[in-house]
1. In the list 122, 50, which residue meets the criterion of being within 16 Å of the ligand (Cβ to nearest atom), hydrophobic (A, V, I, L, M, F, W, C) and not assigned by TED's automatic domain parsing to the domain that holds residue 277?
2. Residue check: is residue 79 in contact with a helix residue (DSSP H, G or I) (Cβ under 9 Å, 6 or more places away or on another chain) and at pLDDT 95 or above?
3. Within the stretch 29-45, can you find the residues that are over 20 Å from residue 319 (Cβ atoms) and not small (Gly, Ala, Ser)?
4. Out of 164, 184, 192, 205, I need the residue that is under 25 Å from the mean Cα position of the chain (by Cα), charged (D, E, K, R) and either away from the ligand (no atom under 15 Å from the Cβ) or not assigned by TED's automatic domain parsing to the domain that holds residue 274 (or both). Which one?
5. Within the stretch 117-146, which residues are buried (at least 24 other Cβ atoms within 10 Å of the Cβ) and without any contact (Cβ under 8 Å) to a residue 60 or more places away in the chain?
6. Tell me which residues, restricted to the stretch 215-266, are in a strand (DSSP E or B) and within 15 Å of the ligand (Cβ to nearest atom).
7. If only one of 209, 232 is touching a Leu at 6+ places or on another chain (Cβ under 6 Å) and within 17 Å of residue 139 (Cβ to Cβ), which one is it?
8. One residue is enough: does the stretch 390-408 have a residue meeting the conditions polar (S, T, N, Q) and more than 19 Å from the chain's Cα centre (by Cα)?
Amino acid sequence: MDNKKVLENESHSLANASRINYFDLVIEAGKGATLTDVNGKKYIDLLASASATNTGHSHPHVFEAITKQAQKIIQYTPAYFANVPAAQLASRLTKLAPIDGPVKLAWGNSGSDANDALIKFARGYTGRTNVVSFTGAYHGSTYGSMSASGVSLNMSRKMGPLLDGFYKVPFPSPWYRRDYETKDQFIDRMFDEFKLPFENYLPADEVAVILVEPIQGDGGIVKAPTKYLEKVYQFAHDHGILFAVDEVNQGMGRTGKWWSIQNFPGLKPDLMSVGKSLASGLPLSAVIGKQKIIDSLAAPANVYTTAGNPVTTAASLATLDVIEDGHLLQRSHDLGIKAQKFFEEMQQQYDFVGDVRMYGLDGGIDIINPTTKKADTQIATKLIYRMFELGVVMITVRGNILRFQPPLVITETELQKAFEVIKKAMQDEADGKIAFNAKIGWSAD
Ligand SMILES: Cc1ncc(COP(=O)(O)O)c(C=O)c1O
């Protein structure tokens, strides 16, 4: 088999809308943080299936849980009858959630439908219809979650109208900070911009929920300044608006904590969505929230035939074991410090490396034009292409930001090897040795 042949064959049948095109890569196998393509070439994976395999590819404990469960029964719909792994997981996950008081959850199959569910429960509980979310947010690909998203024109182009009652406020990404502004002045200005809709056309008492990725993923692996999010949180509380966090990308240990909101001490969400790595990449998601909010809707307001499926929930129980027993939160934190040090060294050496943000094994590295200091998609694209040729899988977000999200089980040797490849790619770029100039990825919009 051959990567190019498989892709050529598939291209006659697969929708363009279904793949963000990066490299000619067809995955055959994966173990830990190493991938093998259909030609037998190996790669170090710095994407972890878009942060959906934090425990690494085919972890033996997860694999065993899946096969054991599949031997008993693969599927019986939780919409009608309970199963033991799902019941156990519900109890374990609600205890893990950083939400005060009694907590309940509802299952889904994807991060997208978990966010749809979050919107349903927020509307159901508050009796209010409006939803406020942020530019740069990626909440998913269903109509509800797309309506809350704001990161790509292709996610609304030709498909409108999206859901009614959705308002976007600017996410305080560092690249919006003006040269003359101190950090505090920037936060104040961004919070003023946050308040503008509420002061002009959006009555706060008609808003059900503010939905935020406390650390945006596809928006650039970028953390909201703590003081800013505290102000938003306070605003929500002052106006009876629910505060909800999307942990689909940044949860499950990615940032060195179970949940990214735990990087903001004292902020406790009313609702949260979880998916991706929840079942090591098998299709399982959940909306988790205060009991009184989740109890506001009655069946069948949020049932799916396969959500809370016995195999996916067994995989999720095993995933939680692996994260706990393998001390993966600590590992993410510790290796994240090494990664930060490495990318800061690259920043010193190469003038096209801009801001470096690292929160555990979770990094966004801006690639900039050395003269204008503005985002440079072309250089970023050349870099990831060269890395790919040299055996490292890394993609960009927003066109110019390197997305660094390896499986949390990546070994120190693999990490070191990946650093060497990244450095080599950067040196090749500095030497003008990379000829590639096609448009790929999110930048190709
Ligand atoms: C923050 C966030 N929320 C929701 C989603 C949607 O998840 P899914 O693709 O599983 O529907 C994603 C996917 O990238 C995400 O990054």
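The values are calculated or read from the model by the stated rules, or taken from the named source; none is laboratory data. All of these numbers come straight from a predicted model, not from anything done at the bench. Don't worry about glycine lacking a Cβ; one is built from the backbone with ideal geometry, like all the others, and counts go over all protein chains shown.
1. 50
2. no
3. 36, 37, 38, 39, 41, 42, 43, 44
4. 164
5. 145
6. Hits for the stretch 215-266 are 215, 216, 222, 223, 244, 245, 246.
7. 209
8. No, the stretch 390-408 contains no residue that is polar (S, T, N, Q) and more than 19 Å from the chain's Cα centre (by Cα).
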